[in-house]
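Throughout, read-outs are computed from the coordinates displayed, never taken from laboratory work. Just so it is clear, the model here is predicted, and its values are computed rather than measured. Here the Cβ positions follow ideal geometry from the backbone for every residue, glycine too, while neighbour counts run over all protein chains shown.
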Amino acid sequence: FKHIDFNVKIPAPFAQKRIGMIAGGTGITPMVQALHAILGSETATDGQKSATEEVTLLYGSRESSDILGEDMLKQWAKDQPEKFKSIDVLSNEPENSGYNGERGFIDKEKIQKYLPPASLGNDVIIFVCGPPIMYKLLCGPRDEKEVTGILGELGYTSEQVFKF
């Protein structure tokens with residue numbers, strides 16, 4: 001895991017009221033860590049509680065069998081539906097599988113449909129973690145602070161996008 005000086009970590013608790021998460025494949029790992037801090041903090045003291053009111057995860061996988069941590073994510077969404085939503089986006093799921101969620105790739109339309117808008121300013125942050133092509137298309141390379149790609153087009157700034 002390559003650490004980049006300006007982007008080594010972001011500590012919990014989080015100050016933003018709305019968090020959007022975009023993960024691909026094993027990129028779910030840091031999202032789960034952040035979700036533990038946000039959703040598992042019922043016993044935290046006031047100084048440790050996240051200000052986050054809503055978290056939405058867009059999780060890209062090839063097939064439903066590739067979804068890592070699926071049971072845990074579904075349980076969190078069931079237990080805290082007002083705070084956490086998890087949307088799977090499958091790129092290679094067989095048509096006859098019975099899956100009726102989002103298909104294809106995480107794209108501009110899905111980001112606009114599910115994630116908080118850049119217009120919320122300091123109340124929003126988007127976490128991104130996945131394969132290099134995901135960074136290239138959505139926000140620009142991990143080692144560059146500048147936000148380009150789809151998130152850049154949608155007006156998100158470098159203060160609003162955290163590249164893991």
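Ignoring aspartates and glutamates fewer than eight residues from LYS163 along the same chain, the ones with Cα atoms less than 16 angstrom from its Cα are ASP5, ASP143, GLU144, GLU146.
For the pair SER119 and GLU53, label points projected 7 Å from Cα toward Cβ lie 1.6 nm apart. Put simply, the amide H of GLY24, placed in the peptide plane, has neighbours under 5 Å in GLY60, CYS129, GLY130, leaving out anything fewer than 5 places away on its chain. Set the bar at 21 Å for Cα to Cα. Now go through LYS78/LYS108; LYS17/LYS83; LYS17/LYS85; LYS17/LYS136; LYS113/LYS145; LYS78/LYS136 and name every pair that lies beyond it. Flagged as over cut-off: LYS78/LYS108; LYS17/LYS136; LYS113/LYS145; LYS78/LYS136.
Backbone phi angles across the range 59-65, fed through the Karplus curve with coefficients 6.51, -1.76 and 1.60 (θ = phi - 60°), yield HN-Hα couplings of 10, x, 9, 6, 9, 4, 6 Hz in residue order; Gly and Pro are listed as x. From helices alone, the chain scores -7000 deg cm²/dmol at 222 nm; the rule is -39500 (n - 2.57) for each run of n ≥ 4 DSSP H residues, then divide by the residue total. The mean sequence separation of alpha-carbon pairs under 8 Å and at least six residues apart, normalised by the residue count of the chain, gives a relative contact order of 27 percent. Computed as a quarter of the hull surface, the mean projected area of the alpha carbon convex hull for the range 110-164 stands at 3.4 nm².
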